[in-house]
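Please read the structure below before turning to the comments.
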Amino acid sequence: MTDFLEKINNFVWGNGLIFLLIATGIIFTFKLKFIQFSMPKFLFSSKKSDNSGLSQLKTVCMSLGTTMGTGNIIGTSSALVAGGAGSVFWLWISAFLGMAIVYAENVLSMKYSDKSVKGTMAYLEKGLGCKPLAKVFAFFCVLASFGMGGMVQINTFAVSLYDTCKVNSIIIFIIISVVIFAITSGGAERIGTFAQYLLPVASVSYIIICIIVMFIFRSNIPDVFIKIFTEAFSFKSASGGIFGYAVSVGIRRGIFSNEAGLGSSPILHSSAGESSPQKQGMWSMFEVCFDTIICCTLTAVTLLCSTKNFSVNESFSAVLGKYSMPFITVQLGIFALCTIIGWYYCGEISFRYLTGMENILFCIIYTLVSASGAVFSAPTVWTVSDIFNGLMAFPNLIGILLLMKNVKKE
């Protein structure tokens, strides 16, 4: 079964999708005149909106929570194992180009979203005039919310928790189910509130530990960056594969981390009270920048300068000693929870678009499916998640490319 899923995954994430992601990012980067560099100038410039909806802080924390998941820690580590140090360079490329993509997504989302249709579905149905494509996207989004948004996060946390204190997976399933349902049943407002308080604390503490580790091993840092750039363009990656595999791993893990091009960000930002398309576009770019260019880079450089086997536990032990694994487990738990509740909103909006049903049914289904990640094997969960991510990207990228003129007008 695992081999079969891997074949599907390799087909979905073949050269076609990688090329489409890179090409879309390049096109919007030039069309929008390298708007990535305009982010600091405009980010804090607009006035507070009187529109109803979530505050900008809650919206950003909820959206950033979906990206600041276990991919920043375990995903970056696995990228190094599979693609070598060169994959970090392609993480950066995916993030830089992804910033232009996510800006375009959110501009279109805010332009076409209303109370009945939100996010990616809004610009595919109303802007593009293709409701079937919007429904295809919504279907893939629901599946991705179960995989990337739920099962992967729980699986990573459950493995770490078992390694730390041998907690039975069934117990984890029960406890996590109660917590997820308690938060998601409160809707966007409760999700935003939890993310607003949990995410900053976890992010700051994680960044501080990374910086301390890098300071301890500071003499190795110049060699780390040399290795990143040389391996990025070498014909052999650390795993013995070809140059193209390092590119694929870097791009794939970059998308897994920052979600640019998937179409999840527009759904989350459509909940904001601030209705300015440009403002939401800028904040979404900040999220990609903070998640991948800052946090994933910190993780990668920390691991590369302090360990040979890219073990986060071994790296953090230089600072925390025997408390390294408990710290990592707590971090994974918080990041996982923020991702789960954020992706619930994406899945719930998509589910409602497809069925017209209230959120309580989806809340129950999402809770049980996500929590089941505690009892499945990690390789299967990660492979299924990658497949759903790729399937989401196709209709979304097609949509924003065909609506390019509308982005330019805004």
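The values are calculated or read from the model by the stated rules, or taken from the named source; none is laboratory data. Because the structure is predicted, anything quoted here is derived from the model rather than measured. Neighbour counts run over all protein chains shown; Cβ positions are idealised from the backbone, glycine included. Quick note on the areas: whole protein, heavy atoms, side chains included, nothing else; ligands and nucleic acids left out. Shrake-Rupley method; radii C 1.70, N 1.55, O 1.52, S 1.80 Å.
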Margin query: Could you check region 202-212 and list, in sequence order, the residues that are within 18 Å of Q153 (Cβ to Cβ) and either open to solvent by 30 Å² or more (accessible area, probe 1.4 Å) or not hydrophobic (A, V, I, L, M, F, W, C) (or both)?
Written below: S203, Y206
Note to self: Restricting to region 167-180, count the residues that are of a type in the set (A, V, I, L, M, F, W, C) and open to solvent by 40 Å² or more (accessible area, probe 1.4 Å).
What the structure shows: 7
Note to self: Among the residues of region 192-202, are any under 20 Å from F327 (Cα atoms), assigned to a helix (DSSP H, G or I) and among the hydroxyl-bearing types (S, T, Y)?
What the structure shows: yes
Note to self: Out of the residues in region 374-390 meeting the condition of being under 15 Å from the mean Cα position of the chain (by Cα) and more than 24 Å from V178 (Cα to Cα), tell me which one is modelled with the lowest pLDDT.
What the structure shows: D386
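Residues are listed down the side, and each one gets a yes or a no for (1) small (G, A, S); (2) at pLDDT below 80; (3) open to solvent by 10 Å² or more (accessible area, probe 1.4 Å):
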residue: A246; (1), (2), (3): yes, yes, no
residue: A260; (1), (2), (3): yes, yes, no
residue: S276; (1), (2), (3): yes, yes, yes
residue: F286; (1), (2), (3): no, no, yes
residue: N309; (1), (2), (3): no, no, yes
residue: S324; (1), (2), (3): yes, no, no
residue: V330; (1), (2), (3): no, no, yes
Item checked: Residue ID - modelled with the lowest pLDDT, chosen from residues in region 181-191 that are open to solvent by 40 Å² or more (accessible area, probe 1.4 Å) and part of a helix (DSSP H, G or I) -> E189
Next item on the list: Find the helices (runs of 4 or more DSSP H) located wholly in region 77-166 whose residues include 1 or more that are over 30 Å from S372 (Cα atoms), of a type in the set (S, T, Y) and open to solvent by less than 30 Å² (accessible area, probe 1.4 Å), and list them.
Entry: 86-112
Item checked: Hits in region 355-365 - residues which are over 18 Å from I172 (Cα atoms) and either surrounded by fewer than 16 Cβ atoms within 10 Å (Cβ to Cβ) or in contact with a Leu (Cβ under 8 Å, 6 or more places away or on another chain) (or both) -> T355, G356, M357, E358, I360, L361
Next item on the list: Would you mind finding the one in F376, F351 that is outside any helix (DSSP H, G or I) and open to solvent by 10 Å² or more (accessible area, probe 1.4 Å)?
Entry: F376
Next item on the list: Scan L368, L397 and give me the residue that is open to solvent by 60 Å² or more (accessible area, probe 1.4 Å) and touching a helix residue (DSSP H, G or I) at 6+ places or on another chain (Cβ under 8 Å).
Entry: L368
